[in-house]
Amino acid sequence: MNPLLQVTDLETTFHTPNKDLTAVRNVSFSVDHGETLCIVGESGCGKSLTSLSIMGLLPAKGRITNGTILLGEEELTKQSEVQMEKIRGNKVSMIFQEPMTALNPVLTIGFQLRESLMIHRQMNKKAATVKSIELLNKVGIPSPRERLKQYPHELSGGMRQRVMIAIALACEPDLLIADEPTTALDVTIQAQILDLIDELQQEIGMGVIFVTHDMGVVAEIADRVMVMYGGEVVETADVDAIFEAPQHPYTKGLLHSVPDVDNPMQELKIIEGSMPGPDDKITGCRFHPRCPFAMEKCKQKEPPLFNLSPMHTSKCWLQEVTESESNTVIRG
Amino acid sequence: MVGLIIRRFLQLLLLLFGISFLVFMSMHLAPGDPATIIGGPNATASDLEAIRENLGLNRPVVVQYFDYLAGVLQGDFGYSYQTNQAVTEAIITRFPATIKLATASMIVAIIIGIVAGMISARKQNSWIDVTSTTFALAGVSIPNFWLGAMLILIFSVNLQILPVGGLNSPFYTVEGMKELILPAITLGTASAALIARMTRSSMLEVIRSDYIRTARAKGVRKHSLIWIHALKNAMIPVITVIGINFGGLLGGTIITEQVFAINGVGRLMIDAIAARDFPIVQGTVLLVAGIFVVVNLVVDIIYALIDPRISY
Ligand SMILES: Nc1ncnc2c1ncn2[C@@H]1O[C@H](COP(=O)(O)OP(=O)(O)OP(=O)(O)O)[C@@H](O)[C@H]1O
Ligand code: SF4
Ligand SMILES: [Mg+2]
């Protein structure tokens with residue numbers, strides 16, 4: 001059976017007057033029903049653009065320049081805007097990072113919540129209101145009936161993010177994309193929101209793409225993890241493999257930058273240097289200027305994605321040896 | 001809301017008091033003597049003195065001012081030096097023409113401005129946008145009297161499809177509408193241009209906002225995205241511009257009424273200034289100031305209706 005979502009060789013480019021900037025390149029991954037894929041990486045590595053490419057909501061001047069995005073049987077890159085309107089909020093939903101600005105300030109919570117039900121489920125206002133109250137209840141908002149009449153500015157950040165989740169889940173989508181939905185919230189609220197998404201995922205059985213740069217969050221919710229660097233995927237693996245046997249030097253660096261709870265005095269070990277932007281030309285491995293293991297070969301030739309196991313890939317020359325060895329073993 | 005209205009009312013009183021004082025002083029201290037105008041070229045010195053005595057102009061200015069103020073507080077705005085007509089009466093007969101002109105111009109300005117601004121924003125950098133932005137720029141810079149004269153030349157003199165001037169028929173008749181078209185365009189163009197500019201930039205900003213992205217992520221259809229999610233937010237700054245503009249528009253009625261020979265308050269004021277008819281000048285200025293405050297109050301109320309974050 002096909003996976004729920006299959007992204008293959010995605011490339012996203014910005015057309016600027018001077019040149020084309022490729023911000024996402026060669027990104028391939030899949031998400032299954034009921035599965036949570038975490039996309040991690042430093043700021044600017046292309047997490048949001050990958051998500052927005054799937055939604056067909058790229059910023060102006062941004063275009064998908066290569067690759068395919070299959071949602072079930074549908075190829076999303078080939079859909080017209082009108083067809084995408086029918087998919088968004090219905091089969092795929094998205095929650096954004098900034099709950100304070102993500103809701104329309106001049107429309108009531110009720111209006112914004114009813115809307116997708118009325119669009120995708122053809123409900124009348126009354127039926128949509130009943131369903132909205134149910135949804136607000138589900139996401140843990142007290143006195144939902146009164147909330148429907150309120151405006152976003154009357155709610156706290158955590159409450160607004162709950163409303164966003166209710167909106168996103170209104171039509172029980174197959175896939176939920178959450179782009180750092182808890183980054184702007186304090187720790188307690190963050191934990192509540194994560195639990196909520198988890199709970200609703202169990203209930204609806206949807207696939208979740210969860211974007212974050214917090215490895216603590218990854219450990220808590222991920223089934224599988226995709227690590228991105230400079231617009232590319234550098235490692236994909238099951239969550240256990242990522243934490244117990246990370247292969248790519250960048251993944252290892254990311255894990256080292258997680259604060260050690262048992263030993264708080266130890267300094268954070270953050271990877272030296274900064275990530276290249278879309279317009280930085282780097283030959284060979286894009287990570288080599290920062291990589292402690294960089295070899296001569298890394299500067300010349302771009303490493304391919306090596307398959308360490310069916311579910312574990314790493315884009316690093318260090319794995320070349322391992323793979324050939326393991327291949328030898330299998331062949332032998 | 002009630003608090004706002006009371007506050008605005010007190011503000012209005014204070015404003016009118018200040019304005020009446022300034023206008024009174026500047027009229028009386030500026031060169032030009034109403035008596036010589038009323039008396040005409042053949043009046044003798046004693047004739048002039050008699051006229052001044054009669055009008056109370058030979059008293060100290062401050063005394064005259066408080067005398068005037070005392071009258072105003074009882075609803076007596078004085079009498080025209082020239083015609084002896086009560087100021088209130090003179091204004092009431094002229095007021096409908098001005099209000100008709102100002103309202104028609106504002107409606108023209110709002111409709112053209114918002115539609116042009118919306119189209120520009122939707123089709124950013126297209127030829128429509130460039131044309132409309134250029135027209136908007138020209139619209140702000142073209143002087144009223146020139147535009148009025150040109151319109152008269154083209155539509156009244158050459159094509160002969162619209163009357164040259166005057167507002168004589170009721171506005172709801174075809175004749176009345178025809179009379180209003182050119183003056184309203186003349187007076188409304190500058191405001192339309194400003195409103196279009198503001199609508200365009202405000203709309204472009206709103207379209208890029210997070211909540212529009214959220215709405216798109218929900219699958220909201222294009223037309224409701226624009227006309228519900230975006231428009232209401234985009235209108236907030238536009239309403240401010242409309243409110244501020246109304247003041248300029250009132251000022252513009254003076255010139256437009258001259259160009260189109262409309263017997264409105266503006267012409268009344270100009271004629272009164274030329275004739276040093278102090279009571280009429282005072283009365284018309286106070287009226288304009290009063291309208292300005294009321295319009296601002298209306299703008300504030302509309303504001304609160306559109307933006308739930310504002311409460312008074
Ligand atoms: N509108 C745009 N025009 C040009 N370049 C852009 C635009 N939006 C993003 N980029 C570039 O694309 C790259 C990836 O951006 P993206 O927003 O996907 O990063 P991210 O991984 O989500 O980072 P963060 O953790 O900060 O959200 C960045 O380097 C950024 O400079
Ligand atoms: S390919 Fe070379 S530079 Fe790149 S991550 Fe591996 S070791 Fe480091
Ligand atoms: Mg992002």
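Of the residues making up region B:257-292, those that are over 30 Å from B:GLY40 (Cα atoms) and open to solvent by less than 20 Å² (accessible area, probe 1.4 Å) are B:ALA289, B:GLY290.
Every condition in (1) away from ligand 3 (no atom under 14 Å from the Cβ); (2) part of a strand (DSSP E or B) is met by A:VAL24 except one, and the failing one is (1). Is it the case that region A:202-210 has a residue that's within 15 Å of ligand 1 (Cβ to nearest atom) and assigned to a strand (DSSP E or B)? Checked region A:202-210: at least one residue is within 15 Å of ligand 1 (Cβ to nearest atom) and assigned to a strand (DSSP E or B). Selection of region B:130-144 for residues being in contact (Cβ under 8 Å) with a residue 24 or more places away in the chain and part of a helix (DSSP H, G or I) yields B:SER132, B:THR133, B:PHE135, B:ALA136, B:LEU137, B:ALA138, B:GLY139, B:VAL140, B:ASN144. The C-beta contact set for region B:58-86 (first residue touching a residue at least 12 places away in the same chain (Cβ under 8 Å), second residue outside any helix (DSSP H, G or I), distance under 7 angstrom, 6+ apart or interchain) comprises B:GLN64/B:GLY56; B:TYR68/B:GLY78; B:TYR79/B:GLN85; B:TYR79/B:ALA86; B:SER80/B:ASP277; B:TYR81/B:ASP277; B:GLN82/B:ALA275; B:GLN82/B:ASP277.
Is at least one residue of region A:126-147 in a loop (DSSP other than H, G, I, E, B) and within 30 Å of A:ASP240 (Cα to Cα)?
yes
Could you look through region A:125-164, keep only residues that are farther than 22 Å from A:ILE197 by Cβ and facing chain B (nearest Cβ under 10 Å), and pick out the one that is surrounded by the most Cβ atoms within 10 Å (Cβ to Cβ)? The qualifying residue surrounded by the most Cβ atoms within 10 Å (Cβ to Cβ) is A:TYR151.
Listed conditions (1) on the phi < 0 side of the Ramachandran plot; (2) at pLDDT 90 or above are all met by B:GLY219, apart from (1). Counted as qualifying within region A:40-124 are the helices (runs of 4 or more DSSP H) with 1 or more residues that are within 23 Å of A:PRO278 (Cα to Cα), within 8 Å of chain B (Cβ to nearest Cβ) and not hydroxyl-bearing (Ser, Thr, Tyr), namely A:47-55. Taken over region A:30-81, residues that are in contact with a strand residue (DSSP E or B) (Cβ under 6 Å, 6 or more places away or on another chain), on the phi > 0 side of the Ramachandran plot and either within 16 Å of ligand 2 (Cβ to nearest atom) or open to solvent by less than 60 Å² (accessible area, probe 1.4 Å) (or both) amount to 3.
The values are calculated or read from the model by the stated rules, or taken from the named source; none is laboratory data. On a predicted model such as this, the values are computed, not experimentally measured, just so you know. All Cβ positions, even for glycine, are placed from backbone atoms using ideal geometry, and neighbour counts span all protein chains on display. The accessibility values were calculated without ligands, DNA or RNA, using every heavy atom of the protein model including side chains. Shrake-Rupley method; radii C 1.70, N 1.55, O 1.52, S 1.80 Å.
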